Amino acid sequence: MNREELFKKVAEMISEKLNVPIEDIDEDSHIIEDLGADSLDAFDLVMIIEDEFGIKLEDDEIERMLTVKDILDLLMEKIKE
């Protein structure tokens with residue numbers, strides 16, 4: 001999966017979970033500040049991402065997931081493993 005495909009998939013998940021129009025989501029979007037997620041939403045997003053991609057994220061990795069770009073970078077790294 002290339003980065004563009006990954007972005008589309010992640011943006012769809014975020015849009016659905018947070019009720020944010022998909023066109024309002026870009027790589028620089030901050031999950032909490034720009035997209036309005038609270039800590040429970042962020043936790044749910046982690047669970048959705050782990051389930052969708054069949055991966056397990058460590059606490060230090062989750063703490064780095066502040067923007068959509070951070071999520072994409074981490075997923076690109078994990079998918080290559």
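None of the figures in this text is laboratory data; all of them are computed from the coordinates on show. All of these numbers come straight from a predicted model, not from anything done at the bench. All Cβ positions, even for glycine, are placed from backbone atoms using ideal geometry, and neighbour counts span all protein chains on display.
Filtered by the rule that a residue be of a type in the set (Gly, Ala, Ser) and under 13 Å from the mean Cα position of the chain (by Cα), the range 19-78 gives 29, 37, 42.
Scanning the range 33-58 for residues that are touching a helix residue (DSSP H, G or I) at 6+ places or on another chain (Cβ under 8 Å) and loosely packed, with under 14 Cβ neighbours inside 10 Å yields 36, 52, 56.
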